[in-house]
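Report on the following structure.
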Amino acid sequence: MRVTVLGSGSAFSSCGCNAGYLVDGRILVDCGAPVPALVRRAATSVHALTLILLTHFHADHSFLLPTVLGARAFVDTETPGPLAIAGPVGTREYVERLLGDGYGSHIRHLVDSNVAPQYVVLQDGSDVEVAGYRLQSHAVVHSTGPSLAYRITDASGATVGFSGDSEMCGGLRRSITGCDLYVCECTGWDGPTPGGHLWRDEVASLMADNPGTRFLLSHLSERRALPGALVAHDLLSLEIASAAR
């Protein structure tokens, strides 16, 4: 499994684009980064996407999604395959509102007809197969609205987790179990961070509790080192194999 970071910065930092991650060039987790431009630098295309996952509805995780859907809707040189959009309760209504408010009803109808995304509603404890991957979701505590952390497992058994944005909670801890790599937000470095986020010492405690999981720190307000963890930067790409193999 290949994980590529498109955006490693927190909402208002300048150390990276907003949240966005590719799995095998086919799954997009969150869409705050300028994905249509960045995926070309990652040697893939928005037309290769088969699944888009939203962890929650904050702007830095979702507001560039209309550009991805519009790029697929306006393609005239190839026919994109099927696309699923999955996320918490309300994802379909939220995405349609983004399209309508951002570009008007014409674009929303064009996406409906030319892209025809299939929506998948996820909640705490969901365990489903989507686009050839096993997808498990866990409710986490963030500042507003429904928020989910994910585990994604490929056919080989390699598993990558994504915390989204979360404070310390049971769902966050459950989402780490069994992951070969965990993409974990680390918004703060010097002390607790308001708004339902993790900071360095909390991430260190999660690492200590999960010694078999490699942590990749992202959603960064600034880029610093945490012993034992990888620190993300935009367009970092990692190959992940299952520890059981």
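The values are calculated or read from the model by the stated rules, or taken from the named source; none is laboratory data. Here the structure is a predicted model, which means the values were calculated and not measured. Using ideal geometry, Cβ is built from the backbone for each residue, glycine included, and neighbour counts are taken over all protein chains shown. Side chains included, ligands, DNA and RNA excluded: accessible areas come from the protein's heavy atoms. Shrake-Rupley method; radii C 1.70, N 1.55, O 1.52, S 1.80 Å.
Candidates 128, 115, 121: the one that is without any contact (Cβ under 8 Å) to a residue 60 or more places away in the chain, open to solvent by less than 60 Å² (accessible area, probe 1.4 Å) and within 29 Å of residue 74 (Cα to Cα) is 115.
Output the residues belonging to region 211-236 that are open to solvent by less than 30 Å² (accessible area, probe 1.4 Å) and not hydrophobic (A, V, I, L, M, F, W, C).
213, 218, 219
Would you please name the residue that is farthest from the chain's Cα centre (by Cα), looking only at residues in region 1-21 that are buried (at least 23 other Cβ atoms within 10 Å of the Cβ) and part of a strand (DSSP E or B)? So the residue we want is 9. Filtering 195, 178 for residues that are modelled with pLDDT under 95 and open to solvent by 20 Å² or more (accessible area, probe 1.4 Å) leaves a single hit, 195. Please pick out the residue among 239, 202 that is surrounded by fewer than 17 Cβ atoms within 10 Å (Cβ to Cβ) and either in contact (Cβ under 8 Å) with a residue 12 or more places away in the chain or more than 10 Å from residue 8 (Cα to Cα) (or both). The match here is 239. Listed conditions (1) touching a residue at least 60 places away in the same chain (Cβ under 8 Å); (2) open to solvent by less than 10 Å² (accessible area, probe 1.4 Å) are all met by residue 39, apart from (1).
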